[in-house]
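Shown next, in C-alpha cells, is the structure this report addresses.
The values are calculated or read from the model by the stated rules, or taken from the named source; none is laboratory data. These figures come from a predicted structure and were not determined experimentally. For neighbour counting, all protein chains shown are included, and Cβ atoms are generated from backbone atoms with ideal geometry for every residue, glycine included.
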Amino acid sequence: MNSIFKSELLFLLLFCSSFSLLSQELEDERRYIIEERVDFLLDINEGGSADFTTLFEQLEFYFDKPLNLNRAKQIDLENLGLLNSIQINNLLRHIERNGNLITFEELQTIAGFDIEDIRRIQPFTIVGGNLDQARLNVKSLFEEGQAQYFLRYSRILEEQVGYTPIDIQELQENPNARYLGNADRIYSRFRFQYANKLSLGLTAEKDPGEEFFKGSQKNGFDFYSAHIFAQDIGIVKQVVLGDFQAQFGQGLTFWSGLAFGRTPSVFSLKRNAPKLRPYSSVQEDLFLRGGGITLTKYNFDITLFYSSQGTDGNEDGRDSLSNELIVTSLSQDGFHRTPNELEGKNNVLHRFFGGHLSYSKRNFSIGLTAVQDEIDADFRQRTQLRNKFSALDESNTNYGFDFNFLYKNLNLFGEASSSIDGGNAYTVGALAVVDPRLSLGVQQRSFDRNFRPIQSNAIGESSVNSNEQGTFFGIEAKLSAHLNLSTYTDRFVFKWLRFQTDAPSQGYRYFSQLTYKPSKQLESYFRYRRRNKGENMPGTVEGINKVVEEIQDNYRLNFSYQITSTIKISSRIEYTSYKIGDLSKEEGILVYQDIHYKKLSFPLSFSLRYALFETDSYNSRIYAYENDVLYAFSIPAYNGRGSRFYVLTKYRIRRGVDLWLRYAQTYWNDRNTIGSGKELIDANTRSDIKLQLRVKF
C-alpha cells in the first residue's frame with residue numbers, strides 16, 4: 001500500500017480517538033438501538049442486495065407503539081426481536097406467578113435478564129398504563145390507527161452506457177443494447193396499522209431502466225404489492241389476503257422470505273416462526289400472493305395458505321410435441337428493462353399451497369407442515385453434474401415435523417423434513433443459560449444431497465438446504481460487568497458437488513468477538529472471522545477443475561462514542577486477507593469515520609461517513625453497513641483503491657412530515673471505468689442521490 005494512503009489512514013485513526021463522553025436522551029437511544037440491531041444483523045449476513053424492510057418495520061412499530069409487557073403474548077415478544085425464547089418464557093412465568101410488573105427494575109429479578117437487556121428493550125416497551133386489549137372496531141380504527149405514506153426517488157448521477165444515445169439502425173439490429181426507460185428509481189408506499197391487529201398496505205416500485213406510464217409499463221410501476229392482514233379476531237389468529245409470507249418451524253420444510261443466519265448471539269440459532277405475516281417489501285421473488293388463515297382452539301393452531309403468481313422464467317424454447325414452454329430456471333432479479341427481459345416477465349405460473357398444524361403451550365410446541373409447489377411449464381434444470389440429485393420438477397411436495405421445548409434455562413428445538421420424490425433433512429439444536437454469565441448454543445444438521453427444498457431457509461453454510469452436514473457450537477460469556485465474549489465454530493461437509501466446487505468438500509467457520517462497554521456512551525469491540533472451504537482452483541487443467549482450500553480472514557476494530565446529547569461518532573478499521581490454493585494472498589483494508597448529529601429541539605439531523613479503502617481484488621472486498629433513509633438499506637462492497645463518503649440528512653418539516661436527502665460518492669484511483677455492459681460508467685467516480693418524503697396521519 002502506498003505511503004500517501006498509509007498517512008491518510010493514520011490521520012483518520014488519530015481523528016477517531018479525540019473525543020470525550022457525555023449523556024444521551026431516550027429518544028436518541030430508541031433510534032440508536034434500532035440502527036444497532038439492524039447493523040448487527042445486516043453486517044453478519046453480508047451482501048447488499050437483500051431487503052430488510054420487515055425487520056426494520058417491527059422495530060419501528062414498537063418505537064411508536066411500545067409493547068406493554070404485562071399484556072404481551074408470546075408471539076408479540078418474539079416479534080419484538082430483542083428477547084430470546086428463554087427470556088420470554090421466564091418473563092411470562094414470572095407474571096403468571098407474581099402478577100403484573102410494576103417497574104422495569106423488576107426485570108432484574110427474572111433469570112436471564114441483566115442491565116443491558118433491560119436497556120435494549122426499554123425504549124420499545126412499557127410496564128404500566130392501560131392493560132385493556134386493543135379492540136378491532138371502527139371507532140378505535142379512526143382514533144388509534146396510524147397511516148404512513150412514503151415517496152422515494154433515487155438514481156445514479158453518472159451516465160451509464162444503457163442510457164446513452166444510440167443510432168436508430170444499430171438499435172434496430174440489437175434492441176437490447178439500451179434500456180427502455182430512464183435511470184430513475186421510484187418507490188411509493190402506503191400502510192395503515194392499528195396496534196398489532198390490522199395492517200393494510202400498498203407498495204409500488206419502478207427500477208432503473210424500466211419504463212414508467214408508457215410503452216411496456218402503461219400502468220405506471222413495474223411492480224405492485226398489496227396486502228390486508230388481521231389477527232386475534234376470535235378463533236381467527238391470523239388472516240391475510242394479497243402478498244404475504246408463510247414461515248414455519250425452523251425453516252427447513254417451508255420458509256418464504258428473509259431469515260438471518262449465524263450472528264454473534266448464539267440465540268439466533270433458533271428461528272421463531274410467525275406462521276403468516278404481511279409482505280410490504282419490493283423484492284419480487286421472496287413473497288407469496290394469494291391468501292392464508294390461521295385458526296386457533298384449545299392450544300391447537302391450523303394454518304392453510306394458497307399462492308398463485310406469475311414468475312419470470314428463463315426460457316429454452318418449447319416442446320416440439322406439446323408446445324409447452326420449457327424453462328431452465330426462475331429469474332429472481334425482477335428487472336424488466338429491455339425487450340429480452342420483458343419477454344420473460346411473468347411467463348410462468350407458480351403455485352404454492354400447504355399448511356401447518358401445531359399444538360403449543362408456553363414452553364412446548366410440536367407441529368406438522370406439508371407444502372406443494374407447482375410450475376406451469378416444462379421445468380428442465382441445466383444438466384450440470386452437481387444438479388444430478390437435487391433437481392426440482394414441475395411439481396414438488398415436502399412435509400416436515402418441528403418441535404420446541406423449554407425447561408427453565410434450557411431450550412431444545414428442531415425440525416425434520418422429507419421430499420416426496422427425494423431425500424430427507426433435519427436440524428436440531430439446544431440453547432442453555434448455564435449461568436447468568438454463560439450461555440451455550442449447539443446445532444446439528446444433515447441435509448441429504450437429494451433433499452429438494454421448495455422454499456427453505458434453515459441455518460446452514462449453503463444458501464440451499466441440501467447436500468450438507470454440519471455441527472455448530474457457540475458461547476456467549478460475560479467476562480465482567482463491561483466485557484463480553486461471543487464465539488462460535490461451525491464445521492460442515494458437502495458429500496456431493498456444488499456450485500464452483502467440482503468435488504466433495506468440507507470446511508469450517510470461526511467467529512469471535514470481544515465487546516467492551518463501560519457505559520451507555522462508549523462501546524468498542526474487536527472481531528475476528530475465518531471461513532475455510534473447498535473451491536475450484538481458478539483456471540482449468542485439461543478441462544478439469546481442481547478443488548483447493550479457500551481461506552478468508554477478517555479482523556475488525558470498532559468503537560462508538562456519544563460525545564454529547566446531540567453528537568455521536570463511530571469509527572472502524574477492518575482488514576481482510578484471502579487465499580485460494582497456492583496462489584498469492586490477497587489483502588484489503590477499510591477505515592472509516594461516522595458522525596451523527598440529532599437534537600430533539602432542532603428539526604434537522606444528519607449522519608455522514610468518510611471512508612478509505614484498498615483491496616487487491618474483489619475477492620478481498622469488505623462490506624460495511626451504511627445509514628440510509630427509512631426502509632432503505634445500503635451495504636456496499638468496498639473493493640479496489642479509493643475513498644467513499646455519504647451524507648444523510650433528515651428534516652422534520654412539521655409534526656408527522658419528514659424529508660430525507662442522501663448523497664453518496666465513491667472515488668477510485670485505480671481505474672478509469674466502473675462496471676460493465678449496460679451498467680458501465682466511463683469515469684472513476686460513482687455518485688447516487690436519494691430523496692424521500694414520509695407523511696404520518
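Residues that are within 30 Å of LEU171 (Cα to Cα), exposed (fewer than 15 other Cβ atoms within 10 Å of the Cβ) and either in contact with a helix residue (DSSP H, G or I) (Cβ under 9 Å, 6 or more places away or on another chain) or modelled with pLDDT of 90 or more (or both): does the range 340-352 have at least one? It would help to see each step written out before you state the result.
Of the residues in the range 340-352, the ones within 30 Å of LEU171 (Cα to Cα) are 340-348.
Applying the additional criterion that residues be exposed (fewer than 15 other Cβ atoms within 10 Å of the Cβ) yields 340, 343, 346.
So of that shortlist, the ones also either in contact with a helix residue (DSSP H, G or I) (Cβ under 9 Å, 6 or more places away or on another chain) or modelled with pLDDT of 90 or more (or both) come out as 340.
Among the residues of the range 340-352, at least one is within 30 Å of LEU171 (Cα to Cα), exposed (fewer than 15 other Cβ atoms within 10 Å of the Cβ) and either in contact with a helix residue (DSSP H, G or I) (Cβ under 9 Å, 6 or more places away or on another chain) or modelled with pLDDT of 90 or more (or both), which makes the answer yes.
Do the conditions hold for PRO175, that is, is it in contact with a helix residue (DSSP H, G or I) (Cβ under 9 Å, 6 or more places away or on another chain), over 27 Å from PHE244 (Cβ atoms) and modelled with pLDDT under 85?
Working: in contact with a helix residue (DSSP H, G or I) (Cβ under 9 Å, 6 or more places away or on another chain): yes; over 27 Å from PHE244 (Cβ atoms): yes; modelled with pLDDT under 85: no.
No.
Candidates in the range 410-460 are the residues that are surrounded by 21 or more Cβ atoms within 10 Å (Cβ to Cβ) and of a type in the set (Asp, Glu); of these, the one that is nearest to GLY367 (Cα to Cα) is GLU415.
Going by the conditions given, is SER601 assigned to a strand (DSSP E or B) and of a type outside the set (A, V, I, L, M)? Spell out how you get there, then give the answer.
Values: assigned to a strand (DSSP E or B): no; of a type outside the set (A, V, I, L, M): yes.
For SER601, the condition - assigned to a strand (DSSP E or B) and of a type outside the set (A, V, I, L, M) - is not met.
Out of everything in the range 637-661 that is surrounded by 18 or more Cβ atoms within 10 Å (Cβ to Cβ) and in a loop (DSSP other than H, G, I, E, B), what residue ends up being nearest to the chain's Cα centre (by Cα)? Steps first, please.
Taking the range 637-661 and keeping what is surrounded by 18 or more Cβ atoms within 10 Å (Cβ to Cβ), we get 638-644, 646, 648, 650, 658, 660.
Filter once more, so that each one left must be in a loop (DSSP other than H, G, I, E, B): 639-640.
On the way: ASN639: 22, GLY640: 26 Å.
Here the residue is ASN639.
Check the range 147-160 and report whether any residue there is touching a residue at least 12 places away in the same chain (Cβ under 8 Å) and touching a Gly at 6+ places or on another chain (Cβ under 6 Å).
The initial filter retains those residues of the range 147-160 that are touching a residue at least 12 places away in the same chain (Cβ under 8 Å), namely 147-160.
When the remaining residues are screened for being touching a Gly at 6+ places or on another chain (Cβ under 6 Å), the result is none.
No, that holds for no residue.
Being crowded, with 18+ Cβ neighbours inside 10 Å and closer than 27 Å to LEU604 by Cβ is true of ASN627. Among all positions in the range 277-295, there is at least one residue which is buried (at least 20 other Cβ atoms within 10 Å of the Cβ), β-branched (Val, Ile, Thr) and modelled with pLDDT of 95 or more. Of all residues in the range 403-420, those that are free of Cβ contacts under 8 Å to residues at least 40 places away in the same chain have Cβ atoms under 8 Å from Cβ atoms of residues that are part of a strand (DSSP E or B) and charged (D, E, K, R), 6 or more apart or on another chain, in PHE403/GLU415. The strands (runs of 3 or more DSSP E) falling completely within the range 262-376 that include 2 or more residues that are within 30 Å of GLY474 (Cβ to Cβ) and more than 24 Å from the chain's Cα centre (by Cα) map to 348-361, 364-375. No other residue among ILE166, ILE156 is modelled with pLDDT of 85 or more and in contact with a strand residue (DSSP E or B) (Cβ under 7 Å, 6 or more places away or on another chain) apart from ILE156. Is it the case that ILE86 is of a type in the set (A, V, I, L, M, F, W, C), in contact (Cβ under 8 Å) with a residue 40 or more places away in the chain and more than 23 Å from ASP435 (Cα to Cα)? Answer is no for this residue. If only residues of the range 353-401 that are over 20 Å from ASP301 (Cα atoms) and among the aromatic types (Phe, Trp, Tyr) are counted, the one that is surrounded by the most Cβ atoms within 10 Å (Cβ to Cβ) is PHE379.
Taking the criterion of being farther than 19 Å from ARG362 by Cβ, part of a loop (DSSP other than H, G, I, E, B) and not charged (D, E, K, R), the only residue of the range 57-80 that qualifies is PRO66.
Does ARG185 satisfy being touching a Phe, Trp or Tyr at 6+ places or on another chain (Cβ under 6 Å) and under 19 Å from LEU691 (Cβ atoms)? Break it down stepwise before answering.
Numbers: touching a Phe, Trp or Tyr at 6+ places or on another chain (Cβ under 6 Å): no; under 19 Å from LEU691 (Cβ atoms): yes.
So ARG185 fails the test.
Screening GLY257, GLY201 for residues that are buried (at least 17 other Cβ atoms within 10 Å of the Cβ), under 23 Å from the mean Cα position of the chain (by Cα) and at pLDDT below 90 leaves exactly one candidate, GLY257.
Could you tell me whether SER577 is over 30 Å from LEU659 (Cβ atoms), surrounded by fewer than 16 Cβ atoms within 10 Å (Cβ to Cβ) and hydroxyl-bearing (Ser, Thr, Tyr)? Spell out the reasoning first.
On the way: over 30 Å from LEU659 (Cβ atoms): yes; surrounded by fewer than 16 Cβ atoms within 10 Å (Cβ to Cβ): no; hydroxyl-bearing (Ser, Thr, Tyr): yes.
So SER577 fails the test.
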